[in-house]
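The values are calculated or read from the model by the stated rules, or taken from the named source; none is laboratory data. Please read these numbers as outputs of a predicted model, since none were measured by experiment. Neighbour counts are summed over all protein chains in view; Cβ atoms, including those assigned to glycine, are modelled from backbone coordinates with ideal geometry. What goes into the accessible areas is simple: the full protein's heavy atoms, side chains included, and nothing from ligands, DNA or RNA. Shrake-Rupley method; radii C 1.70, N 1.55, O 1.52, S 1.80 Å.
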Number of protein chains: 4
Amino acid sequence: MSLKAALREFAAARDWDRFHLPKNLAMALIVEAAELVEHFQWLTPEESRNLDAAKRGEVADEIADVLLYLIRIADVLGIDPVDTAWGKMLKNAVKYPAPER
Amino acid sequence: MSLKAALREFAAARDWDRFHLPKNLAMALIVEAAELVEHFQWLTPEESRNLDAAKRGEVADEIADVLLYLIRIADVLGIDPVDTAWGKMLKNAVKYPAPER
Amino acid sequence: MSLKAALREFAAARDWDRFHLPKNLAMALIVEAAELVEHFQWLTPEESRNLDAAKRGEVADEIADVLLYLIRIADVLGIDPVDTAWGKMLKNAVKYPAPER
Amino acid sequence: MSLKAALREFAAARDWDRFHLPKNLAMALIVEAAELVEHFQWLTPEESRNLDAAKRGEVADEIADVLLYLIRIADVLGIDPVDTAWGKMLKNAVKYPAPER
């Protein structure tokens with residue numbers, strides 16, 4: 001089963017589809033992104049890559065929350081996020097050419 | 001090739017690893033999430049699910065940008081976002097039990 | 001006493017100036033902004049302007065938190081936010097001319 | 001004239017009150033907060049407090065944008081943000097007692 005399908009079932013079983021409009025899901029997504037940011041706000045950049053196990057677990061949970069809302073909003077809009085991300089990689093490769101070595 | 005591997009190569013080829021610290025990546029992620037939010041800020045919830053093709057393409061690009069930074073921050077932290085998301089689904093199923101039918 | 005001066009004293013008394021760098025304060029500010037957004041994410045636009053007293057108090061507290069970090073980051077950067085906001089109003093008046101009546 | 005009154009006139013002259021619902025204004029506010037964050041995302045904390053004049057001007061404009069939406073959402077909700085911020089300062093003083101010297 002895909003996360004997309006699991007999220008669909010989850011929302012349907014709770015009658016949440018009426019809340020899961022793209023506008024609302026974009027808000028929920030940025031709220032989760034901010035919970036991720038909150039973990040890092042007072043850390044130095046160096047500290048941010050040396051998290052202890054407890055903090056790392058909390059950060060992983062916030063990353064999961066962002067991913068779940070991202071999959072959900074993409075599904076509601078009929079967008080394939082992985083396909084689109086590959087397209088964006090190509091655009092970025094043109095926009096930011098790698099220096100020659 | 002996975003998006004994770006492509007992002008690694010992309011960053012390495014541009015010497016961007018020194019910028020790609022979790023604190024910075026969390027900031028970049030929320031900036032992209034806000035660009036997604038911006039598309040919806042003045043729309044009604046109903047309008048937000050009936051985007052025209054041009055707007056839908058722009059929204060898809062923002063979703064892709066969030067996904068790319070999400071994959072990147074998870075990689076830098078050594079977190080598997082899909083595994084963690086499945087774990088989060090289980091926690092949510094306990095936290096928000098579905099009503100019986 | 002101004003809020004700016006109170007915030008300065010507050011930070012100094014707790015030895016927080018070393019944390020109150022603009023990068024960190026911008027993160028703290030957006031985290032508070034997201035707590036404001038969270039109150040509205042599942043409401044319809046109409047519901048969002050008819051909050052009950054308890055919810056309205058919580059929203060007011062989030063608005064206050066955003067304001068406090070906004071005053072603080074402006075102070076640390078030596079920016080006068082009200083002066084700059086008046087300048088921005090003028091730019092906006094040019095950018096979005098009012099229709100004639 | 002206050003910024004609050006100027007913003008009211010500005011919105012009324014453009015018939016924007018129908019868009020200026022708290023839900024939408026909270027979204028606009030976080031979008032501006034993210035534009036502030038964007039300026040700092042790849043800077044070290046130290047670099048973030050030593051901006052050159054051009055960058056500092058751009059940051060000031062983003063701070064102004066956040067302030068304008070903050071004043072606007074507070075006005076639409078009938079909240080006095082400065083009063084509430086003083087109340088929040090008091091709560092914070094209790095929550096985070098200063099160490100004795």
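Highest first, please rank the peptides D:28-35, B:56-63 by the mean number of other Cβ atoms sitting within 10 Å of their residues. Intermediate values should be presented prior to the final figure.
On the way: D:28-35: 25.9, B:56-63: 19.4.
Answer by packing, highest mean first, reads D:28-35, B:56-63.
With an 8 Å cut-off on Cα pairs and a minimum separation of 6 or more residues, tell me the relative contact order of chain D in percent.
With pairs under 8 Å counted, the relative contact order is 40 percent.
Any idea how far apart B:L90 and D:A13 come out in nm if each label point goes 7 Å out from Cα toward Cβ?
6.0 nm
Other chains' Cβ within 10 Å of A:68-77 residues: what's the mean?
Rounded to a whole number, the mean comes out at 4.
Can you pull the mean other chain C-beta count within 10 Å for peptide B:4-16?
2
Of the cross-linked pairs A:K4/D:K95; A:K23/A:K88; A:K88/B:K95; B:K23/B:K88; C:K91/D:K91; A:K91/B:K95, which ones have a Cα-Cα span greater than 31 Å in the structure shown?
In this structure, A:K4/D:K95; A:K88/B:K95; C:K91/D:K91; A:K91/B:K95 exceed 31 Å between Cα atoms.
Taking the Cα centre of the range C:8-101 as origin, work out the dipole magnitude from +1 charges on Lys and Arg Cβ and -1 charges on Asp and Glu Cβ, in debye rounded to 20.
440 debye
Per DSSP H run of n ≥ 4, the term is -39500 (n - 2.57); total these for chain B, divide by its residue number, and report the mean residue ellipticity at 222 nm rounded to 500 deg cm²/dmol.
-24000 deg cm²/dmol
Which whole-angstrom value gives the distance between the alpha carbon centres of the range B:32-56 and the range A:20-52?
Measuring centre to centre over Cα atoms gives 21 Å.
Averaged over peptide D:42-52, how many Cβ atoms belonging to another chain are found within 10 Å of each residue's Cβ?
6
How large, in percent, is the carbon and sulfur part of the accessible surface of chain A at a probe radius of 1.4 Å?
Result for chain A: 53 percent of the exposed heavy-atom area is carbon or sulfur.
Mind checking the per residue accessible area of the range D:56-101 for me, 1.4 Å probe, whole number of Å²?
Details: 2350 Å² over 46 residues.
Result: 51 Å² of accessible area for each residue.
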